[in-house]
1. Among residues belonging to the range 1-19 that are buried (at least 16 other Cβ atoms within 10 Å of the Cβ) and modelled with pLDDT of 90 or more, point out the one that is farthest from E68 (Cα to Cα).
2. Can you name the residue in the range 47-64 that is under 9 Å from the mean Cα position of the chain (by Cα) and of a type in the set (A, V, I, L, M, F, W, C) and, of all such residues, is surrounded by the most Cβ atoms within 10 Å (Cβ to Cβ)?
3. Looking only at the range 20-46, filter to residues that are in contact with a Leu (Cβ under 8 Å, 6 or more places away or on another chain) and part of a helix (DSSP H, G or I); which one of those is surrounded by the fewest Cβ atoms within 10 Å (Cβ to Cβ)?
4. Could you list, in sequence order, the residues of the range 11-26 that are under 10 Å from I60 (Cβ atoms) and charged (D, E, K, R)?
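The values are calculated or read from the model by the stated rules, or taken from the named source; none is laboratory data. Bear in mind that the values here come from a model prediction, so they are computed numbers and not experimental data. We place every Cβ from the backbone using ideal geometry, glycine too, and count neighbours over all the protein chains shown.
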Amino acid sequence: MTKNTDGMRYPSIDKLLGKINSKYKLVYAASKIARILEDEKLEVEDAKCVTSIGVALEEIIDGKVDIEFES
């Protein structure tokens, strides 16, 4: 599998906003997930992105994380 080194063009913002309807919530969720991946030194085997934030966005778009926001 080839790793994505194109920066933030993948995954698509339009597809991500289909999962989380606010850019601000998306940034918040992705940063929290990326922090967990880094702190716990977790690796996602099928990830295409090389950065933790990219992997976090992939996890969101693939529906592999459960995210709940308080009102």
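1. Per the criteria, the residue is L16.
2. L57
3. K23
4. Passing the criteria: K15, K19.
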